[in-house]
Amino acid sequence: MDKRKTVGSCISISNLLKGRQARGRPLSLLAVENKKRNTSKKESKPSNSIDSASGGYRFPLKQAVTSASLCLTGDTVAQLRHRWVRNKDTLSHSDDFKDVLSILFSEHDYIRALRMSSYGFLLYGPGSYAWYQFLDHIMHKQNVQNLMMKGQGGEATDAGLMVEILCQCVAHSTEETW
């Protein structure tokens, strides 16, 4: 490291703490400008990155909750659409909105919805998070080529693996073969 930069940084910090000014501007503004300049380097940093000083594994709660809610929403939409198509004639003759809702939600499989959301919470969210953390570790530079490779890597491996795990979980929990 350049000695001049180190000494200048120390002086700036000590002057900043004393509230002095440099070049006609308060030093607090200089510190903000220097911070902006230093953060302009492009290196990929994953969202919710795990600090190595904390030690151990931290469960990716945000990704798990997001994945669980998306799986629950997708399963609910799939169930409602299935009943809508099956009961199209009955629903088209009904004028009351409450009747339509009662028909659509009368046979809702809450166990299936819970199973899908638990799959998203326990498997898909943390699994995808770990996969993209691994890709960020391998391809740490932010450029178009790495972005395209991460997208293709996710589609080629993560998506296929997660669909297979989903099929196996459903087959195991319902004792059906897919």
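Looking only at the stretch 135-146, which residues are assigned to a helix (DSSP H, G or I) and surrounded by 13 or more Cβ atoms within 10 Å (Cβ to Cβ)? I'd like the intermediate steps shown before the answer.
Quick first cut of the stretch 135-146, residues assigned to a helix (DSSP H, G or I) only: 135-138, 144-146.
Of everything in the stretch 135-146, those that are assigned to a helix (DSSP H, G or I) and surrounded by 13 or more Cβ atoms within 10 Å (Cβ to Cβ) turn out to be Leu135, Asp136, Asn146.
Residues that are modelled with pLDDT under 90: find the helices (runs of 4 or more DSSP H) completely inside the stretch 41-131 holding 3 or more of those.
Values: elements: 61-86, 88-93, 97-105, 110-119.
Those helices (runs of 4 or more DSSP H) span 61-86, 88-93, 97-105.
Can you tell me which residues in the stretch 74-125 are small (Gly, Ala, Ser) and over 30 Å from Gly154 (Cβ atoms)? Break it down into steps so the answer makes sense when it comes.
From the stretch 74-125, those small (Gly, Ala, Ser) are 74, 78, 92, 94, 102, 106, 113, 117-118, 120, 125; that's our starting set.
The answer is Ser92, Ser94, Ser102, Ser106.
The values are calculated or read from the model by the stated rules, or taken from the named source; none is laboratory data. The shown structure was predicted, so the numbers you read here are calculated from the model rather than taken from an experiment. Positions of Cβ are generated from backbone atoms using ideal geometry, with glycine treated the same way; all protein chains shown enter the neighbour counts.
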